[in-house]
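Quick notes on the structure that follows.
Just so you know, all these numbers are worked out from the coordinates, no wet-lab data involved. Everything quoted here is computed from the prediction, not taken from an experiment. Methodologically, a virtual Cβ is constructed for each residue, glycine included, from the backbone with ideal geometry; neighbour enumeration extends over all protein chains shown.
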Amino acid sequence: MNTKFSRLPRSDKAIMVFAYTILGLFMAAIILPVIYIILASFIDPITLQNSGLTFDFSKWTLTAYERVMTNAQIWTGFKNALIYSVLFTIISVTVTLLAAYPMSRQDFKGRGFFNVMFVITMFFGGGLIPTYLLISDLGMLDTIWAILMRCAFSVWNMIIARTYYMGIPKDMQEAAEIDGASEMVYFFKILLPLCMPIIATIAMWQFVGMWNSYFDAMIYLNDAAKQPLQLVLRAILIQSQPEPGMVSDMQSTAARAQLAELLKYATIIISSIPLMILYPFFQKYFDNGIMAGAVKG
Amino acid sequence: MKRAMTQTSEKTGKASRLHNTLIYMRQHWQLYVIFMLPAVLLTIIFRYIPMGGVMIAFTEYNPIRGILGSEWVGFKHFTRFLSSPDFMQYLMNTLKLSIFGLLWSFPAPILLAFLLNRILSSGIKKKIQLVLYMPNFISVIVLCGIVRILLSPTGMVNMLLGTNYNFMTMPEAFRTIYIASGIWQGAGWASIIYTAALSNASKELKEAAVLDGANIIQQIRAVEWPAIKDTVLIQFIMSVGNIMSVGFEKAYALQTDLNLNASEIISTYVYKKGLLDGDYGFSTAVGLFNTVINVVLLVSMNSIVKKLNDGKGV
């Protein structure tokens, strides 16, 4: 398919130029704000507010990074987010992979019933208040369980895993049965090792999803010591209310506000670094995971 | 006589089927107890019990007396919401945000996929994709933080325009901000599914088309579009089905006191009325109303597509 550009007909050349231009613009729209924020995060807060970006390096400072890095709440947030995300990924992937197995078997009695039971929950739910009252009645308010258990079973991911299982040749299972392997042995020793790509994909989705969400933590966790990173970020970035200790040494209200503004830039950079470093390593799993989901729709 | 016989054979048929099922369940008990039970329990506890809880919508809910002990008020909350002047505004805000969002955000990844498919070198293509996927890994909070910074009166956008608007306080700017930042974040990621479908397009068919001298437009019409048509359709139905479930997280994080006229949508209203004001019954009623519209939309969308697509639905 590697036709040389110079050999293309003229109308195609125009389309190619158009394609590269649009892609270039889109990439610029992604990269420029990121560069702007990186640069701005080093600039003295007063200069930043009065004249914006500057390349006069005497006006550059690391104060925002120092304050963010030495802030205990950010680190508590990181720690909590990591704990919640890892545990949630383990629980959720386990439950989902297990349930997908019987649902993938044609001979499984009750398949239709369970299918309807699960699919209904994709379209209909009790809503915010009934769920909140349930969590409250279960005594899960302000506990890690409210965050971990409520969404642990994902019907969508179950369908994706099931579709993937069904693509594994039937002979495998028959051979295993003839050899006298039980269902457990077949599932854990034969099926799962063949499904590693889809397991990695689902695990990545669940991890990133939990790491980046804030709604559940906002409504179910009040204790500051239990808050995940995104809630700490919300206070700094959205509510412009960093923890008082981060800005309290400034004399005037104006100086505090300017510093709080600068802290946002450094916070954005620091909080995004872990996933930005990790995600290129996941790239090979993106395509197959998404396609597995598309097969069944 | 004959009828009696068929009846008995039906009965024994049923009985033996039940018998077979029981034997199957005993033989394969692991499938039920180990594989299914965790998922079934989680579904019943966290999905079905709250569904029963929607009864709160018909009561003057009192936490001490519970759902059944609370005063039954029928459709009072619904009529109160539907007849309030805010109702139309919140409903329209929700619908506009999702419908305009769909119109703009839906074609964007398809266009990107077609463009990416034109990149000849697969090395460059991989690098471009890496950049395009990146925003997807930024959290909603950080995204909205970036948006607020860039759009602040002294931010990058105003710097480029040479103005000093405070965009975050302008109701008329809210939807544009919401939708544009959504495309910025999601279009690259959403294009994966179409890129994959395009790469599955028959190579031979495409090579034949090129040999026959088909130009790019003709290649797209004859080979590439047919290859992704079904994917586009499925994605479209699913997006329409989610029209009323506009993300709470982002709308709430982009709200300011001054842009509420455009940014207050049903889900943020449910949250404020319910958890911040403690008006449980009313909040549940509004949420239920939202869910019902969503289900109706989905079912009708599916039947329309069935008609258009020779009886094939989703």
Whole-Hz Karplus couplings 3J(HN,Hα) for the range B:60-68, θ = phi - 60° and coefficients 6.51, -1.76, 1.60, Gly and Pro as x, run 8, 5, 10, x, 6, 8, x, 5, 6
Least to most buried among B:78, B:137, by other C-beta atoms within 10 Å and fewest first, runs B:78, B:137
Residues B:284, A:201 in order from fewest to most other beta-carbon atoms within 10 Å are A:201, B:284
Row for the protein assembly as shown, column shape: gyration tensor on C-alpha, a ≥ b ≥ c, rounded if a/c < 1.5 i.e. under 1.5, prolate if a/b over b/c, else oblate; value oblate
Expected sort for B:77, B:19, B:28 with the fewest Cβ neighbours (10 Å cutoff) up front is B:19, B:28, B:77
When chain B is treated as a Gaussian network with springs between alpha carbons less than 10 Å apart, the largest mean-square fluctuation among B:288, B:198, B:31 is found at B:31
Per the helix-only model, chain B has a calculated mean residue ellipticity at 222 nm (DSSP H runs of ≥4, -39500 (n - 2.57) each, divided over all residues, rounded to the nearest 500) of -21500 deg cm²/dmol
Karplus-derived 3J(HN,Hα) from phi for the range B:182-198 (6.51 cos²θ - 1.76 cosθ + 1.60, θ = phi - 60°), whole Hz, x at Gly and Pro, runs x, 5, 3, 7, x, 4, x, 4, 5, 6, 3, 4, 6, 4, 5, 5, 5
Classified through the alpha carbon gyration tensor (a ≥ b ≥ c as square roots of its eigenvalues; rounded if a/c is under 1.5, else prolate when a/b is larger than b/c, else oblate), the range A:159-297 comes out prolate
Amide H contacts under 5 Å for residue B:59, restricted to residues at least 5 apart in sequence or on another chain and with H modeled in the peptide plane, are B:73
Scattering profile of chain A from the Debye formula, Cα beads only, expressed as log10 I(q)/I(0) at q = 0.10, 0.11, 0.17 Å⁻¹, is -0.80, -0.90, -1.32
Among B:240, B:140, B:157, the residue with the largest mean-square fluctuation in a Gaussian network model of chain B built from Cα contacts under 10 Å is B:157
For peptide A:17-30, the mean count of other chain Cβ atoms within 10 Å per residue Cβ is 5
The set of residues whose placed amide H lies less than 5 Å from the amide H of residue A:43, leaving out same-chain residues fewer than 5 positions away, is A:61
For the range B:204-212, Karplus-derived ³J(HN,Hα) couplings (6.51, -1.76, 1.60; θ = phi - 60°; whole Hz; x for glycine and proline) come out as 4, 4, 5, 5, 4, 4, 5, 4, 6
Comparing B:190, B:285, B:201 in a Gaussian network model of chain B (Cα, 10 Å), the one with the largest mean-square fluctuation is B:201
